[in-house]
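Only one structure is covered here, and it is reproduced in the block below.
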Amino acid sequence: MRIKFFSGALSLFTGLSLFSLSSLSASAATPASISSPNGNIKLEFKLDNLGAPLYSISYKEKTLVADSKLGLVGSEAEFISGFSIASVDTTSSDTSWTPVWGEYASVRDNHREMAVKLVAPNPERLLTIRFRLFDDGVGFRYELPLQDKVNYLTLMAEKTEFRFCDDHTLFCIPGDYDTDEYLWSETSFSSLPEALASYAGHSEAQRAGGNTIQTPLLLKTKDHVYVNLHEAALVGYPAMLLDTNTARFSLSSHLVPDRLGVAGYLQLPFSTPWRTLIISDDARDILASQLIYNLNEPCAFEDTSWIRPMKFVGVWWEMFVGHKKTWAYSDDYRAKPGITDYDKLTPNGRHPANTANVLKYVDFAADHNIDAVLVEGWNQGWEDWCSFRKNRQFLFDAPYPDFDVDSIQRYANSRGVKIIMHHETAANAADYERQLDRAFAFMNDHGYDAVKTGYVGAIIPRSEHHTSQWMVDHVLYVADQAARHHIMVDSHEAPRPTGLCRTYPNWVAQESARGGEFESMGGNPPSHTCILPFTRLKGGPMDYTPGLFETRLSYYGEGKTEQAGTTIARQLALYLTMPSPLQMACDLPENYLRFPDAFKFIEDVPVDWKDSKYLEAEPARYITVARLDKNSDDWYVGAITDHNARTATIDLSFLPVGVKYEATIYEDAPDADWKENPQAYRIRKVKVNSRTRLRQHLAPGGGCAIRITPISK
């Protein structure tokens, strides 16, 4: 297998054949411009009277981004002014590529490109800014060639600016160096300080401060143009936050620093990540866009046959819903901190990652068309959550005494079920790298081909941040090493994704947002999963953990009052509206057995798609999507709404003309409500074809899921 680990100096699409349109020399005062293939988006580049680079973007003849600054600042050299334009090269490309998995069996990459080469004297500095325009948006990046006097750069700041022209609506979360796990605010530039103040007390130690927000950000203009602002191909570079100037309606890049305040250490030549703007006046186009994937490198290895999209259940939720279960095998570590022999520790009797319990999950998975079982808390080190700081260390090849890894694997194999490994590092990423070869060899020896990684806590021993350059490099290194062992990765508490799952399709999912686990820690409102597909999911699929049927934690009698913002029908719809090649059925098996007819949809729904049609969408309000199974002619439809009831209009004109179908509809009952009656649903069947228009009731916080199957003649 050929695998390339891409350094920060990568040049994307170096093997792509491009047709050159023009190459010209230009004076410092000559603007350069380029349009998207359909002409709706236009970008203009120029230098001001100080030789500082500026760009602007218009959409359908209206200014969207006014003249905005560009540049990089390093300790050794600055790349912000004094430039003249040496040349402008424009190219065009229209190709398609085949994802290993995803929303589409084929993705079109149709763009026009403009590379502006800049030169500044005294001392000589060279910089290329490459712009790429698609029909659905813009990407641009900085390229630093070898310099006459500088071959490395200690990066202190990036001066990219996005000057919008009015007090537009923002869907955002606070700028934080270490977590993305926030609920989203719907605010505006002028109201942003008040919105951010509402987060006081949440992760204050890691907050960037001021009016700083994170990407991905969604912006909605006064003219109802939607903009997703993010980045693509984050490699060898820190993640980007956005500082907000509320008076000028502008955003500017804020790179996550290391503990010394340095943003990055760059070896030249170097290409930064792409800064991306997905742009449309139709919200459905934001959801359908593949722009961020198109700006990433093609797959890094040739053989992808071992990458298998899957559904899974897990020894996981039972540790969240009450105090009867724990990840730790023993409670003796406080009284006996020096003991490292687990045979001398007393089992606490509340450890669910034991052989007998795991085999029950294996049987449930095998009986219900579920591919795999995740087991959390199987390995030594859980007695102290931050064990490396005190007495214990997480070991990734050392099971607890009550977890018989060999017998579990033999039994799972006999039932056709995979076991998913869990590697919680407690944020000791350096120690995880030291153990990585041994850990992956252990997985290979025992038949594990997927791992869920975790980084809860402050990154040590370097005092790095979760989204600084060092951690960005770390998580990509893990994905690369996993690929060498034919292992798929689901990373939690990692830097938010930027489309690198195209390059490393074994990186099948990430958390990097407030997921379903928060239903046990205050709950998620119905609007939360109506905004995530417009924001977080544009960088890559999320391990959100849908499938919650028991939505009130008071059911477990543990004194908890949390309630999920959902109905059962909505939970089914999330398998369509939150697409991922790795989907969990998160609830306890016994809860699914209480509602077997509803669980039938989770058994049936695929996780890999041939085609997708976004039918209705408005951020934080509602989403309706149809998807075609990659391995059959069945279509699936999911629709969700916020806390307001609505009637979804489901236009089935995407179905082949003349073919008859039967639709099995899993819907909210007439009296369903996410808060008062969340488990009220019904199932009905109707005949449909390409002329059918379904008007589908969605309860407050509710949804519907539909399977559409051709009728055999």
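Observations on the structure shown:
- Rg [Å, one decimal], Dmax [Å, integer] - the range 459-520, C-alpha atoms: 12.4, 36
- Toward the positive end of the charge dipole of the chain, with +1 on the Cβ of Lys and Arg and -1 on the Cβ of Asp and Glu, the farthest Cα among 175, 408, 612 is that of 612.
- Pairwise inverse Cα distances across the range 365-471, averaged and inverted, put the Kirkwood hydrodynamic radius at 14.9 Å.
- Accessible area of residue 152 (1.4 Å probe, protein heavy atoms only, ligands and nucleic acids ignored): about 120 Å².
- Contact order relative to length of the range 559-692, as percent, for alpha carbon pairs under 8 angstrom and 6 or more apart: 27 percent
- Where only C-alpha atoms are counted, convex hull volume of the range 60-213 per residue in Å³: 196 Å³
- Solvent-accessible area of the chain (1.4 angstrom probe, protein heavy atoms only): carbon and sulfur portion equals 48 percent.
- In order along the range 581-598, the phi-based Karplus estimate (6.51 cos²θ - 1.76 cosθ + 1.60, θ = phi - 60°) of 3J(HN,Hα) comes to x, 10, 10, 8, 9, 7, 7, 6, x, 5, 6, 5, 6, 6, 10, x, 5, 6 Hz; Gly and Pro are listed as x.
- Local net charge near residue 414, Cβ-Cβ under 14 Å (Lys/Arg +1, Asp/Glu -1): 0
- Using the Cβ-Cβ distance between residue 360 and residue 690 with R0 = 60 Å, the FRET efficiency computed as 1/(1 + (r/R0)^6) comes to roughly 0.85.
- Averaging Cα coordinates gives a centre for the range 499-560 and one for the range 469-490; these two points are 22 Å apart.
- Pair-distance profile P(r), taking every C-alpha pair of the chain, with 20 angstrom steps and integer %: 17, 51, 28, 3
- Normalised by 2.2 N^0.38 Å, where N is the number of residues, the C-alpha radius of gyration of the range 512-558 stands at 1.27.
- Cα pair distances in the range 600-686, grouped into 5 Å bins until the bin that holds the longest one, percent each: 3, 11, 20, 24, 22, 13, 6, 1, 0
- Its relative contact order, with pairs defined as Cα atoms under 8 Å and 6+ residues apart, puts the range 432-575 at 19 percent.
- Too-long pairs where the Cα-Cα distance tops 30 Å, listed order kept, from 117/613; 62/610; 42/538; 62/630: 117/613; 62/610; 62/630
- Measuring only protein heavy atoms, the 1.4 Å probe finds residue 320 accessible over about 30 Å².
- Residue (of 224, 257, 468) at the positive-pole extreme of the chain, dipole from beta-carbon charges: 224
- Close amide H pairs (under 5 Å, H built 1.01 Å from N) link residue 542 with 510, residues at least 5 positions away or on another chain.
- Computed label-point distance, nm, for sites residue 462 and residue 35 using a 7 Å Cα→Cβ extension: 4.6 nm
- Close amide H contacts of residue 163 (hydrogens built in the peptide plane, cut-off under 5 Å, sequence separation of 5 or more or a different chain): 66, 251.
- Relative to one another, the C-alpha centroids of the range 575-606 and the range 158-200 are positioned 34 Å apart.
- Per-bin percent of Cα-Cα distances, the range 140-285 [10 Å]: 11, 39, 33, 14, 3
- Loop-located GluC sites (Glu not before Pro) in the range 595-676 (DSSP state not H, G, I, E or B) with no more than 15 neighbouring Cβ atoms inside 10 Å: 676.
- Projected label distance in nm at residue 594 and residue 94, using a 7 Å step from Cα toward the beta-carbon: 5.6 nm
- Gain upon complete extension [residue 659, residue 484; 0.36 nm per residue less C-alpha separation]: 58.5 nm
- Charge-dipole axis of the chain as Lys and Arg at +1 and Asp and Glu at -1 on Cβ define it, positive-most pick from 39, 439, 361: 39
- Based on the Kirkwood approach, the hydrodynamic radius assigned to the range 577-641 is 13.2 Å, with every pair of different Cα atoms included.
- Taking amide hydrogens as placed 1.01 Å from N in the peptide plane, the amide H of residue 236 sits under 5 Å from those of 473, each at least 5 positions away in sequence or on another chain.
- Ranked packing of 498-508, 171-181, 693-703, most packed first, by mean Cβ within 10 Å: 498-508, 171-181, 693-703
- In the frame of its principal axes, the range 420-493 has Cα extents of 35, 19, 18 Å, reported largest first.
- The chain: relative contact order as a whole-number percent, Cα under 8 Å and 6+ apart: 11 percent
- Computed from backbone phi with θ = phi - 60° and the Karplus coefficients 6.51, -1.76 and 1.60, the 3J(HN,Hα) list for the range 484-490 is 5, 9, 6, 10, 8, 10, 10 Hz; x is used for glycine and proline.
- Taking a straight Cα-Cα cut-off under 20 Å and skipping sequence neighbours fewer than 8 places away in the same chain, the lysines within cross-link reach of residue 560 are 324, 325, 675.
- Of all beta bridges that DSSP places with both ends in the chain, some 85 percent have antiparallel geometry.
- 222 nm mean residue ellipticity, helices alone, for the chain (DSSP H n ≥ 4; -39,500 (n - 2.57); rounded to 500): -4000 deg cm²/dmol
- Rg and Dmax [Cα atoms of the range 40-150; Å; Rg one decimal, Dmax integer]: 16.5, 51
- Annotation: Cα Rg of the range 538-654 relative to the compact-globule expectation 2.2 N^0.38 Å equals 1.12.
- Within the range 230-255: backbone nitrogen closer than 17 Å to the residue 73 label point (7 Å, Cα to C-beta): 238, 240-245, 251-255
- Counting only protein heavy atoms and a 1.4 Å probe, the chain has 35 square angstrom of accessible area per residue.
- When the range 473-561 is reduced to its Cα atoms, the Kirkwood hydrodynamic radius in Å: 14.6 Å
- Around the Cα centre of the chain, unit charges on the Cβ atoms of Lys, Arg, Asp and Glu (plus for the first two, minus for the last two) sum to a dipole of about 1100 debye.
- Relative packing of peptides 284-291, 163-170 - highest average C-beta neighbours within 10 Å first: 284-291, 163-170
- Here is the list for the range 518-579: GluC sites (Glu not before Pro) lying in DSSP coil, each with at most 15 other C-beta atoms within 10 angstrom of its C-beta, are 558.
- Using the alpha carbons alone, the radius of gyration of the range 277-371 stands to its Kirkwood radius in an Rg to Rh ratio of 1.21.
- Heavy-atom accessible area, probed at 1.4 angstrom with all protein chains present, ranks 590, 76 as 590, 76, highest first.
The values are calculated or read from the model by the stated rules, or taken from the named source; none is laboratory data. All of these numbers come straight from a predicted model, not from anything done at the bench. Every residue, glycine as well, gets a Cβ built from its backbone with ideal geometry; the counts of neighbours run over all protein chains shown. All accessible areas refer to the heavy atoms of the entire protein, side chains included, with ligands and DNA or RNA removed. Shrake-Rupley method; radii C 1.70, N 1.55, O 1.52, S 1.80 Å.
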